[in-house]
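The values are calculated or read from the model by the stated rules, or taken from the named source; none is laboratory data. Given the structure is predicted, the values throughout are model-derived calculations rather than measurements. Cβ coordinates were reconstructed from backbone atoms using ideal geometry, including for glycine residues, and neighbour counts include every protein chain displayed.
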Amino acid sequence: MEIDGLTARLRSGLVRLAGLAASLLAAAAVIFVAIDVLPGDPAAVVLGLNATPDALAALRSEHGFDQPAPWRFMAWIGALAHGDFGISTTYRVAVAGLIGERLAVSVPLACLAMGLSLSWGLGLALLAAWRPRFYVVVTAFGEIGLAIPNFWLGLLLILTFAVGLGLLPSGGFPGWEAGWGALRALILPAIALALPQGAIIARLALALLNETLAEVYIRTAEAKGLSRAGVLVRHALPNAMVPLLALMGLQLSFLLGGSIIVENVFALPGLGRLMAQAIAQHDIITLRALIFLFAATILTVHSGVGILQATIDPRLRRASGL
Amino acid sequence: MTKRGARIRLGIGSAVLAIMLILALVSLVWTPGDPYRLAIAQRLQGPSWMHLLGTDQLGRDIAAILMIGARNALLVSVGAVGLSLLVGGALGLIAAMQPDGIGDQMIARTSDLVFAFPVVLLAIMTGLILGPGAASAAMAIAIFTMPVFIRLTRDSAAQLREREFVLAARAMGASWLRIAVRHILPLLLPRLAVQASTQLALALLAEAGLSYLGLGTPPPHPSWGRMLNEAQTYLGTQPLLAILPGVAIALTVMGFNLLGEGLAARLARER
């Protein structure tokens with residue numbers, strides 16, 4: 001019985017891995033067709049309308065644009081598998097290196113924003129579930145948080161805390177050598193990302209908590225004499241966590257998309273900024289690498305969340321038939 | 001949600017949206033000052049009787065460009081969500097009529113794939129293919145919102161498909177196409193309307209973000225997102241320029257959200 005469970009879990013894991021690999025390949029194909037094939041000659045896209053035939057020919061042979069599209073696709077996928085993202089057409093250096101430098105800004109920012117949004121979202125939801133008179137306040141916060149674009153919130157934060165009060169920097173990044181100064185530079189962008197995100201989490205967490213609070217075992221726990229707070233933390237919260245986890249996974253796409261814009265608001269040298277520069281300079285090699293990196297991250301996290309959910313909640317294993 | 005809560009939401013939501021719509025429509029025939037005329041001498045002024053909300057960095061009347069911005073925002077988001085609703089609804093109906101078919105599988109896989117691309121990435125790709133501008137932004141937003149419509153139509157239609165009236169229509173010799181369009185689609189419309197309202201809120205946010213990044217409506221046409229981008233240079237001198245377009249975006253998005261929630265609550269009670 002135990003062994004059966006283990007092999008079943010192993011098999012389901014393998015099936016999920018194969019599914020992930022297929023999705024990654026499909027995403028790569030979509031990106032390649034959209035960036036390399038449909039806009040026309042890649043060399044002309046990079047150099048613009050006024051390029052000389054010599055320059056076009058040189059660029060074509062330098063980046064292999066003269067090869068047929070299917071061959072270029074295979075070459076790109078092969079290189080990606082080795083961690084080779086190609087050579088940037090503007091910076092003339094390896095894209096992998098460019099991305100590596102920027103990850104040191106983007107990853108901490110995303111983690112900070114995720115942590116902040118989770119704590120403020122869950123906090124608000126617990127508050128409303130604990131004392132129903134806060135319900136209206138929390139709903140209003142949620143409604144406002146849903147409507148405020150994160151980049152505008154960023155501007156308002158700059159206006160208040162940088163221009164007005166002079167407490168925090170209005171943008172830029174001093175590098176991690178600066179220690180506290182580097183963290184200070186990430187505070188406002190993280191808040192700009194986390195407040196709207198937290199509002200979404202708060203709404204869903206509250207709905208999930210209310211759903212669990214209506215269950216019979218909650219009444220039993222209350223009859224045993226457990227306090228409202230005790231019921232919430234011991235019984236309602238753990239049961240709400242599994243669907244919330246799935247939501248967080250889906251929200252990652254919004255968070256990463258938002259971070260692209262917010263990094264530009266605060267002039268942070270992260271992946272989003274690199275992407276905006278690549279758009280402006282028609283650097284399609286960097287663009288397709290970045291887009292693939294974002295899509296691959298999201299697909300991997302979605303798939304990971306699926307496995308994690310199945311591990312936490314055994315019912316999902318049976319329901320999925322694996 | 002209480003009955004009163006639903007009524008309040010419907011009221012506020014439709015009032016805000018009505019005001020925005022009126023401002024957008026009025027801007028077609030009248031604006032408080034020429035939004036395309038540059039008057040550098042009068043740049044970055046505060047509110048006055050001449051310019052109710054002040055002037056921007058090129059001396060244009062802010063109230064006028066905000067009104068035209070409303071037109072642009074509503075046009076792009078309604079266009080995008082409309083397209084998404086039409087195509088997504090049709091695909092969802094097709095999938096529901098042949099459950100477990102190859103088409104059903106392909107539609108499900110494709111919409112999972114779309115979830116992997118934040119709207120900014122979609123807009124970069126549509127921008128490269130169609131050329132940058134409002135059309136490629138709208139196309140990106142349409143693709144981005146489509147999986148939700150596909151899933152909703154497919155799941156709801158698959159439920160209705162098992163009902164007796166479908167069997168009755170089938171017995172009378174109606175084709176699947178006729179059943180889908182004449183019998184199932186009308187029952188789905190309320191649910192689709194609720195979803196469309198929520199998606200319009202998302203579409204408006206996406207449009208603003210894309211315009212901020214320069215992936216949306218190109219200059220000189222006013223757009224709320226790009227106004228915010230341009231305002232950033234003048235945060236110290238004219239903060240109003242950075243506040244007003246954001247307020248306009250937030251109000252409109254909230255209008256769509258409130259309307260959607262109010263409609264959803266009313267729909268849930270009727271069922």
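Is it fair to say A:Gly64 is farther than 30 Å from A:Leu308 by Cα, surrounded by 12 or more Cβ atoms within 10 Å (Cβ to Cβ) and at pLDDT below 80? Taking the combined requirement at face value, the residue satisfies it. Name every residue in the range B:113-132 that is at the interface with chain A (Cβ under 7 Å from one of its Cβ atoms) and in a helix (DSSP H, G or I), in order of residue number. Across the range B:113-132, the qualifying residues are B:Leu113, B:Val119, B:Val120, B:Leu121, B:Ile124, B:Met125, B:Leu128, B:Ile129. Taking the range B:206-246 as the range and being facing chain A (nearest Cβ under 9 Å), assigned to a helix (DSSP H, G or I) and more than 24 Å from B:Leu122 (Cβ to Cβ) as the test, the residues that pass are B:Ala231, B:Gln232, B:Ala242, B:Ile243. If you go through the range A:122-175 and keep only what is assigned to a loop (DSSP other than H, G, I, E, B) and more than 22 Å from the chain's Cα centre (by Cα), you end up with A:Arg131, A:Leu165, A:Gly166, A:Leu167, A:Leu168, A:Pro169, A:Ser170, A:Pro174, A:Gly175. Of all the criteria given as (1) at the interface with chain B (Cβ under 9 Å from one of its Cβ atoms); (2) without any contact (Cβ under 8 Å) to a residue 24 or more places away in the chain; (3) within 17 Å of A:Ala267 (Cα to Cα), the one not satisfied by A:Pro174 is (1).
Among the conditions (1) more than 14 Å from chain B (Cβ to nearest Cβ); (2) surrounded by 13 or more Cβ atoms within 10 Å (Cβ to Cβ); (3) not in a loop (DSSP other than H, G, I, E, B), the only one that A:Ala44 does not satisfy is (1).
Candidates are the residues of the range B:94-129 that are touching a residue at least 40 places away in the same chain (Cβ under 8 Å) and under 22 Å from the mean Cα position of the chain (by Cα); the one that is surrounded by the fewest Cβ atoms within 10 Å (Cβ to Cβ) is B:Ser111. In this structure, does B:Ile65 turn out to be under 17 Å from B:Thr217 (Cβ atoms) and among the β-branched types (Val, Ile, Thr)? In short, yes. When A:Asn239, A:Asn264 are checked against the criterion of being within 14 Å of chain B (Cβ to nearest Cβ) and crowded, with 16+ Cβ neighbours inside 10 Å, A:Asn264 stands alone in meeting it. Just one of (1) within 9 Å of chain A (Cβ to nearest Cβ); (2) closer than 14 Å to B:Leu17 by Cα fails for B:Gly262. It is (1). Counting the residues of the range A:69-92 that are surrounded by fewer than 11 Cβ atoms within 10 Å (Cβ to Cβ) and at pLDDT 85 or above gives 5. Condition (residue is farther than 27 Å from A:Leu49 by Cα and not in a helix (DSSP H, G or I)) applied to the range B:175-194: is it met by at least one residue? Checking the range B:175-194: at least one residue is farther than 27 Å from A:Leu49 by Cα and not in a helix (DSSP H, G or I).
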